[in-house]
């Protein structure tokens, strides 16, 4: 029970102060709080006005809740055109009805959004940091590579990719997988993990009619296309040797190799930037942006990215200086796709309801006044 102390001020005609203690009508009438009340900030008469997103999504109607409603999972509200997920911290994410080809059709626009956003004034410090870290790492690339190989040998981690094909149809590899620790670490960036996550979200969204999961799957598919395009353009422009194929310390750069030569001798040209890392960071960013309540996603993702980064140097696939730009591309594309792929998103801090409430008052004698209520 909550108590409410009400101070009543009457005017005109007379001034009267009355202090009364009374039970909260809402608490006594509604009984125990439902679980969803603890998992989401619900706009009502006690918590202040509804956020704009709530009115725009539900159209003023009483929302329908779906799925588990507890302290960890969001409460989902729905209309025929949009579904909104409300989180415990007061934020919300809204999704339009999923359309796979519609999402893929946004790829050019999302790529353009990524490029334009990357060169905005507020991003210049990050641009400078990426450039500086790349140049510094280039200077120490050979030492980092040699020491990484020594550490891998000491830890018993193979420097050879022992991933092998388990299923092949018509000469095409259908299922590949690792056979030891080193190949397991490298397998994280092989593309199969990304495709597996895409398949998981697509299947779950279809079976459960979960628009958020479906949109996440669609966004991962779009991200693979956009990230692949961005990194391939840069690889075919910079033409840097991989450590495995290096003809000189830190590798030779052969700018703008011919298409045929690039295809015939990929290891001579495709080191910079790291497409493996860009794709994995894109995947992590898309999933984390769509599931902010799952706090384990980012720490787990960072751990796996660290393992992948180590093994790609140990395998002789990449130099350390291939990473800063790859990380930036993956994050920038992933965020652009996730944000543009939602109907709306409210990430502002939740409004804190005031303990004081003012309301007009009319007593039986006709005196008009105001009421000030304090809830505690």
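Looking only at the range 98-118, how many residues end up being touching a helix residue (DSSP H, G or I) at 6+ places or on another chain (Cβ under 6 Å) and not in a helix (DSSP H, G or I)?
Adding up the residues that qualify gives 1.
Can you spot a residue in the range 297-308 that is assigned to a helix (DSSP H, G or I), over 28 Å from residue 214 (Cβ atoms), modelled with pLDDT of 95 or more and in the same structural domain as residue 269 (by TED's automatic domain parsing)?
Restricting attention to the range 297-308, the residues satisfying the condition of being assigned to a helix (DSSP H, G or I) are 297-308.
Remaining after also requiring over 28 Å from residue 214 (Cβ atoms): 306-307.
Next cut, modelled with pLDDT of 95 or more only: 306-307.
If we keep only those that are in the same structural domain as residue 269 (by TED's automatic domain parsing) as well, we get 306-307.
So far as the range 297-308 goes, yes, one or more of its residues are assigned to a helix (DSSP H, G or I), over 28 Å from residue 214 (Cβ atoms), modelled with pLDDT of 95 or more and in the same structural domain as residue 269 (by TED's automatic domain parsing).
Filter the range 213-243 down to the residues that are buried (at least 21 other Cβ atoms within 10 Å of the Cβ), within 19 Å of residue 317 (Cβ to Cβ) and within 25 Å of the chain's Cα centre (by Cα) and list them by number.
Hits for the range 213-243 are 227, 230, 231.
Here are the criteria: (1) at pLDDT 95 or above; (2) out of contact with any strand residue (DSSP E or B) (no Cβ under 9 Å at 6 or more places or on another chain). Tell me which single one residue 267 does not satisfy.
(1)
Just a yes or no: is a residue in the range 286-298 crowded, with 24+ Cβ neighbours inside 10 Å, closer than 16 Å to residue 190 by Cα and in contact with a helix residue (DSSP H, G or I) (Cβ under 7 Å, 6 or more places away or on another chain)?
No, that holds for no residue.
Going by the conditions given, is residue 254 in contact with a helix residue (DSSP H, G or I) (Cβ under 8 Å, 6 or more places away or on another chain), surrounded by fewer than 20 Cβ atoms within 10 Å (Cβ to Cβ), over 30 Å from residue 214 (Cβ atoms) and in the same structural domain as residue 110 (by TED's automatic domain parsing)?
Considered against the rule, which asks whether it is in contact with a helix residue (DSSP H, G or I) (Cβ under 8 Å, 6 or more places away or on another chain), surrounded by fewer than 20 Cβ atoms within 10 Å (Cβ to Cβ), over 30 Å from residue 214 (Cβ atoms) and in the same structural domain as residue 110 (by TED's automatic domain parsing), residue 254 comes out as yes.
Among all residue pairs at least 6 apart or on different chains, which show Cβ distances below 7 Å where the first residue, located in the range 105-129, is farther than 12 Å from residue 332 by Cα and the second is part of a helix (DSSP H, G or I) and modelled with pLDDT under 95?
Going by the 7 Å Cβ cut-off, the qualifying pairs are 106/340.
Go through the range 83-93 and count every residue that is surrounded by fewer than 22 Cβ atoms within 10 Å (Cβ to Cβ) and assigned to a strand (DSSP E or B). Please lay out each step first, then the result.
So the first thing to find is which residues in the range 83-93 are surrounded by fewer than 22 Cβ atoms within 10 Å (Cβ to Cβ), and the list is 87-91.
With the extra rule that they be assigned to a strand (DSSP E or B), the set shrinks to none.
Residues that pass the stated criteria total 0.
Of (1) surrounded by fewer than 20 Cβ atoms within 10 Å (Cβ to Cβ); (2) over 26 Å from residue 304 (Cβ atoms); (3) free of Cβ contacts under 8 Å to residues at least 40 places away in the same chain, residue 249 satisfies all except one. Which?
(3)
So which of 81, 181, 107 ends up being within 22 Å of residue 276 (Cα to Cα) and either under 25 Å from the mean Cα position of the chain (by Cα) or not assigned by TED's automatic domain parsing to the domain that holds residue 271 (or both)?
On the way: 81 fails: within 22 Å of residue 276 (Cα to Cα); 181 fails: either under 25 Å from the mean Cα position of the chain (by Cα) or not assigned by TED's automatic domain parsing to the domain that holds residue 271 (or both).
Answer to the check: 107.
The values are calculated or read from the model by the stated rules, or taken from the named source; none is laboratory data. The model shown is predicted, which means the values in this text are computed figures rather than measured ones. Methodologically, a virtual Cβ is constructed for each residue, glycine included, from the backbone with ideal geometry; neighbour enumeration extends over all protein chains shown.
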